[in-house]
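Asks: One structure coming up, written as structure tokens, with questions to follow.
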Amino acid sequence: MNLSKPALYIVLLVVIVAAPFLLPAYKTQLATLWLMIIVAMTWDMTGGQMGYNSLGNIFFYGTGMYVAAVITIGMVYDVGDYTNAAGGGIYAFTETQYFTGLVLGCIGAGLFCALSAILIGWPTFGLRGPYFAIGTLGMAIAAGELVSNWEWVGAGQGISMPNYPGDFETFKLLIYFIFAGVGVVLFIFLKWLYTTRFRSAINAIREDEDKAEAMGLRTLTYKLLTWSMAAFFVGIAGGISAFQLIHFEPLETAYQTINLGIFMVVCVLLGGKGTLWGPIIGAVLFHVVKEVTWNYFLGWQWVALGAIIIVTVVYFQDGLMGWLKHKRPEWFGIRVEKKDQIVTEPAE
Amino acid sequence: MSAIIQVDRVSKSFGGVRANIDISLTVEEGGITGLIGPNGSGKTTLFNSIVGYHPIDGGSIKFRDLEISKMLVPEIARLGLLRTFQQTRIYGKMDCVQNMLISLPHRKAKFLEMFRRYSSEEHERAEALLDFVGLYEKRYLQSGDLSFGQQKLLEFAMALMNQPSVLLLDEPTAGINPTLINGLIDRLKRANSDFGITLLVIEHNMRVIMNMADHVYCLAHGELLASGSPDEVQNDQSVIDAYLGAH
Ligand SMILES: Nc1ncnc2c1ncn2[C@@H]1O[C@H](COP(=O)(O)OP(=O)(O)OP(=O)(O)O)[C@@H](O)[C@H]1O
Ligand SMILES: [Mg+2]
């Protein structure tokens with residue numbers, strides 16, 4: 001088991017690198033798969049590990065898009081003038097300007113979202129259970145409405161990003177690898193984070209927050225930090241999407257509460273809450289099913305999605321990983337009551 | 001001995017229910033103080049007031065001369081004033097060792113500590129304390145699968161892991177098998193004598209109180225009815241009447 005683990009990771013890494021070359025026609029879908037993985041893993045940080053089901057994480061995605069756009073454009077032109085002209089030809093970007101914008105825009109998006117998670121989390125983390133879910137959803141909807149009325153960032157028209165200075169296939173490859181890179185970094189980060197006492201603390205908050213407080217845990221600090229770390233990665237993902245989509249607008253693309261905002265939750269429920277791999281497996285499953293239904297059962301795709309959600313929620317509440325955990329607890333290091341032969345008390 | 005907790009004329013009402021009326025009591029440092037009274041007399045409410053679970057209507061609560069009646073639950077806990085719950089509270093999906101580790105004190109915790117792993121000394125201490133309460137064999141079981149009495153023991157061990165200076169125990173022997181109660185009394189006493197933890201104990205079991213406490217307070221209908229040595233309180237006519245009247 002231990003020996004095969006590095007081998008497993010090497011195989012995975014090879015697959016990740018080879019995928020866009022083996023399936024060149026699907027580069028964009030593969031990039032979107034990474035987006036799903038990122039938003040599912042980050043959603044699970046609060047929803048699965050900490051027991052706070054946010055329906056507002058899409059806020060960080062949309063905000064990340066806008067922050068990346070404003071940074072990229074603002075470094076070269078006046079943002080108001082640019083959006084007024086709606087991307088009319090006079091606004092050219094050099095190669096250097098484009099790539100500087102890509103790097104700084106995405107990092108800036110992550111940092112901005114990390115900070116806003118702390119500011120928004122301050123009042124909203126006073127809410128628990130369904131109130132927190134609805135509170136965060138309300139925030140995302142409100143943000144979408146506000147932005148779609150904000151002329152400076154293009155209001156309902158949205159924003160057009162600069163075009164990639166190169167050929168389109170290379171561009172798709174680049175976007176794939178940026179998404180994949182962020183996804184891998186996020187995975188490594190969470191794999192490490194979940195070995196520290198930070199995880200115990202947020203798990204304790206999930207299990208019984210009143211008890212955690214009574215034991216002196218700084219619950220608000222943990223909650224804010226967790227959401228902030230999640231928001232950082234979602235913000236970056238939003239920034240990448242802004243470049244990928246070239247043109248985006250506030251309600252359908254950026255603050256898309258009913259699409260990506262819900263999909264990320266479904267991915268986690270499918271794969272299994274509160275596990276490292278659950279959200280990833282869920283995202284892959286969900287994305288494949290979604291692409292298939294979108295392509296072959298057009299018109300029925302929402303029905304199919306609805307059916308998946310219902311089946312998951314009714315029959316597999318703990319998702320695939322939860323079901324496995326139940327069937328094979330020993331794979332997860334969980335011990336169930338049995339006559340313990342191995343454990344003998346050390347004589348003192 | 002000096003007072004470590006001073007409750008001075010504390011009142012608390014829930015709507016029309018006056019759960020605590022002008023209650024004053026002191027807990028001596030290093031001792032074991034008992035708190036008794038019929039069901040609904042306001043014992044748990046007083047605990048909740050002391051640890052900051054709800055705002056009090058009036059009065060003052062001091063911990064080592066520090067006014068704590070306006071402080072929040074986790075702040076008070078970090079001062080070293082800890083409570084266990086009458087309805088036992090543990091982290092059900094975690095195993096016993098994890099329950100213990102997360103109970104380490106957060107008093108001096110620096111920011112980066114959050115991102116450290118638990119050390120092997122901390123693991124050893126967790127196991128030693130689980131051994132102390134008799135749960136060593138069960139240490140890797142999910143705590144939610146333990147029996148109620150075992151969960152009660154686990155919660156006690158978690159409190160010890162936190163190294164409090166004062167521990168408020170809400171009915172520690174409720175639900176514990178009578179044959180094991182003597183063992184538990186012994187452990188409570190050792191927590192007091194060996195670990196130096198001051199105890200304030202709510203108990204319905206008179207034998208437990210008689211065995212442990214050096215001072216006892218009795219509440220009835222939200223008011224302080226009597227106080228004194230266990231013997232004095234047990235033989236106090238108003239106390240006897242309150243208990244008989246409650247049935
Ligand atoms: N949160 C609350 N809201 C309303 N009433 C409450 C609340 N907490 C306690 N009470 C009331 O206050 C009174 C005292 O309750 P408390 O729990 O303090 O009693 P107790 O002495 O701990 O009893 P027991 O021995 O049964 O545990 C009761 O009448 C109870 O109904
Ligand atoms: Mg009570």
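The values are calculated or read from the model by the stated rules, or taken from the named source; none is laboratory data. For clarity, every value in this text was computed on a predicted model and none was experimentally measured. No Cβ is skipped: glycine too gets one built from the backbone with ideal geometry, and neighbour counts run over all protein chains shown. In case anyone asks, the SASA skips ligands and DNA or RNA and just uses the protein heavy atoms, side chains included. Shrake-Rupley method; radii C 1.70, N 1.55, O 1.52, S 1.80 Å.
Asks: For chain A, what is the mean residue ellipticity at 222 nm derived from helices alone (per DSSP H run of n ≥ 4: -39500 (n - 2.57); sum divided by total residues; nearest 500 deg cm²/dmol)?
Replies: -22500 deg cm²/dmol
Asks: Could you work out Rg/(2.2 N^0.38 Å) for the stretch A:85-142, with Rg from alpha carbons only?
Replies: Scaled against compact globular proteins, the figure is 1.73.
Asks: Now for a different question. How many Å² of accessible surface get buried when B and A come together, counting both sides, probe radius 1.4 Å, rounded to the nearest 100? Mind showing how you got there, number by number?
Replies: Numbers: alone 12370 and 18080 Å², together 27050 Å².
Counting protein atoms only, the buried area is about 3400 Å².
Asks: Is it possible to state the helix-based mean residue ellipticity at 222 nm for chain B, with each DSSP H run of 4+ residues giving -39500 (n - 2.57), the sum divided by total residues, to the nearest 500 deg cm²/dmol? What is it?
Replies: My calculation for chain B gives -10000 deg cm²/dmol from helical runs alone.
Asks: Could you run the Karplus curve 6.51 cos²θ - 1.76 cosθ + 1.60 with θ = phi - 60° over the stretch A:131-146 and give me ³J(HN,Hα) per residue in whole Hz, x for Gly and Pro?
Replies: 5, 5, 4, 6, x, 6, 4, x, 4, 5, 5, 4, 4, x, 5, 4
Asks: Alpha carbon centre of the stretch B:86-121 versus the stretch B:178-200: separation in Å?
Replies: Using only Cα atoms, the two centres lie 22 Å from each other.
Asks: Now for a different question. Just going by the charge dipole of the stretch B:90-247, with Lys and Arg at +1 and Asp and Glu at -1 on Cβ, which of B:I240, B:V201, B:A128 is farthest out on the positive end?
Replies: Final value for the positive-end residue is B:A128.
Asks: Also, I was wondering about something else. Can you compute log10 of I(q)/I(0) for the stretch B:95-209 with the Debye formula, treating each Cα as one identical point scatterer, at q = 0.13, 0.14, 0.22 Å⁻¹?
Replies: Normalising to I(0) and taking log10 leaves -0.51, -0.59, -1.32.
Asks: How large is ³J(HN,Hα) for each residue in the stretch B:58-66, as worked out from phi by the Karplus curve 6.51 cos²θ - 1.76 cosθ + 1.60 (θ = phi - 60°), to whole Hz, x for Gly and Pro?
Replies: Karplus values, whole Hz, x for Gly and Pro: x, x, 9, 10, 10, 10, 6, 6, 9.
Asks: On each of the three principal axes of the Cα atoms of chain B, give max minus min coordinate, whole Å, ordered largest first.
Replies: Extents along the principal axes, in whole Å: 53, 42, 37.
Asks: Quick check: with the 1.4 Å probe, what order do A:Y176, A:Y296, B:Y53 take by accessible area, largest first? Before the final figure, lay out the partial values.
Replies: On the way: A:Y176 5, A:Y296 170, B:Y53 110 Å².
Putting A:Y176, A:Y296, B:Y53 in descending order of accessible area: A:Y296, B:Y53, A:Y176.
Asks: In Å, the Kirkwood hydrodynamic radius of the stretch A:6-344 over pairs of distinct alpha carbons?
Replies: That comes to 21.0 Å for the stretch A:6-344.
Asks: Determine the share of chain B's accessible area contributed by carbon and sulfur atoms, expressed in whole percent, with a 1.4 angstrom probe.
Replies: Roughly 50 percent of what the probe reaches on chain B is carbon or sulfur.
Asks: Starting from the Cα gyration tensor of the stretch A:32-119, multiply each eigenvalue by 5, take the square root, and state the resulting semi-axes largest first in whole Å.
Replies: 31, 13, 11
Asks: Excluding ligands and nucleic acids, what accessible area in Å² is computed for A:Y255 using a 1.4 Å probe, to the nearest 10?
Replies: Roughly 10 Å² of A:Y255 is accessible to a 1.4 Å probe.
Asks: Using 7 Å Cα-to-Cβ label points, what is the A:A155/A:L111 separation (nm, one decimal)?
Replies: So the label points at A:A155 and A:L111 sit 3.2 nm apart.
Asks: Charges only on Cβ, +1 for Lys and Arg, -1 for Asp and Glu: so what's the dipole of the stretch B:1-123 about the Cα centre, in debye to the nearest 20?
Replies: I would put it at about 340 debye.
Asks: If you count the DSSP beta bridges with both ends in the protein assembly as shown, what percent of them are antiparallel, to the nearest 5?
Replies: 60
Asks: Hey, what's the Kirkwood Rh for the stretch B:25-113 if you take every pair of different alpha carbons, in angstrom?
Replies: Value: 15.3 Å, from the Cα pair sum.
Asks: Under 5 Å between amide H atoms, partner at least 5 residues away or on a different chain: which partners does B:E28 have, H built in plane at 1.01 Å?
Replies: Residues meeting the criterion, in which the H sits 1.01 Å from N, are B:I4.
Asks: For chain A, what is the charge dipole size about the Cα centre, in debye to the nearest 20, if Lys and Arg each add +1 at the Cβ and Asp and Glu each add -1 at the Cβ?
Replies: About 980 debye.
Asks: Roughly how many whole Å is it from the C-alpha centroid of the stretch A:197-255 to that of the stretch A:80-130?
Replies: Computed from Cα coordinates, the inter-centre distance equals 17 Å.
Asks: Another question, then. If you count only protein heavy atoms and use a 1.4 Å probe, how large is the accessible surface of A:D318, to the nearest 10 Å²?
Replies: Accessible area, nearest 10 Å²: 100 Å².
Asks: Moving on. Just by accessible area at a 1.4 angstrom probe, what is the order of B:K110, A:K327, A:K273 from largest to smallest?
Replies: Greatest to least solvent exposure: B:K110, A:K327, A:K273.
Asks: Under 1.5 on a/c is rounded, so check that first for the stretch B:191-238, then, if it is not, pick prolate when a/b is larger than b/c and oblate when it is not; a ≥ b ≥ c are the square roots of the alpha carbon gyration tensor eigenvalues. Let's see the in-between values first.
Replies: Numbers: a/c = 2.34, a/b = 1.83, b/c = 1.28.
Prolate, because a/c is 1.5 or more and a/b exceeds b/c.
Asks: Hey, can you find the accessible area per residue of the protein assembly as shown for me, probe 1.4 Å, expressed in square angstrom?
Replies: With the other protein chains kept in place, the protein assembly as shown gives 45 Å² per residue.
Asks: Karplus couplings for the stretch B:74-91 from phi (6.51 cos²θ - 1.76 cosθ + 1.60, θ = phi - 60°), rounded to Hz, Gly and Pro as x?
Replies: Listing the rounded values in order: x, 5, 5, 4, 6, 6, x, 10, 10, 10, 10, 9, 4, 8, 2, 10, 9, 9 Hz.
Asks: Right, next: Hey, got the dipole for the stretch B:91-163? About the Cα centre, +1 on K and R Cβ, -1 on D and E Cβ, debye to the nearest 20?
Replies: Numbers: 10 positive and 10 negative charges, 71 e Å.
Dipole magnitude for the stretch B:91-163 comes out near 340 debye.
Asks: Turning to a different aspect of this structure: Given the options A:L173, B:S49, A:G238, identify the residue whose Cα lies farthest towards the positive end of the charge dipole of the protein assembly as shown (+1 on Cβ of Lys, Arg; -1 on Cβ of Asp, Glu).
Replies: Working it through, the farthest residue towards the positive pole turns out to be A:L173.
Asks: Let me ask something else about it. Normalise the Cα radius of gyration of the stretch B:91-163 by 2.2 N^0.38 Å (N = residues in it) and let me know the number.
Replies: After normalising by residue count via 2.2 N^0.38 Å, the value is 1.07.
Asks: Taking amide H atoms as placed 1.01 Å from N in the peptide plane, list the residues 5 or more away in sequence, or in a different chain, whose amide H sits under 5 Å from that of B:L35.
Replies: The list, which skips near neighbours in sequence, is B:V201, B:I202, B:E203, B:Y217.
Asks: Right, another one. If each Cα of the protein assembly as shown is one equal point scatterer, what is log10 of I(q)/I(0) from the Debye formula at q = 0.11, 0.12 Å⁻¹?
Replies: Values returned for q = 0.11, 0.12 Å⁻¹ are -1.04, -1.15.
Asks: From zero outward in steps of 5 Å, how is the percent of C-alpha pairs of the stretch A:172-314 spread across the bins?
Replies: Percent of pairs per bin, in order: 2, 8, 13, 18, 19, 17, 12, 7, 4, 1, 0.
Asks: Continuing with the same structure: Could you compute how much accessible surface A:I246 exposes when probed at 1.4 Å, giving the result in Å² to the nearest 10?
Replies: 40
Asks: Suppose we keep just the alpha-carbon trace of the stretch A:114-249; what are its Rg and Dmax in angstrom?
Replies: 18.7, 59
Asks: Ok, one more. Average partner chain C-beta neighbours within 10 Å, per residue of B:89-102?
Replies: Mean partner shielding for this stretch: 4.
Asks: Given that compact globular proteins tend to follow 2.2 N^0.38 Å, what is the ratio of the alpha-carbon Rg of the stretch A:121-176 to that value?
Replies: 1.78
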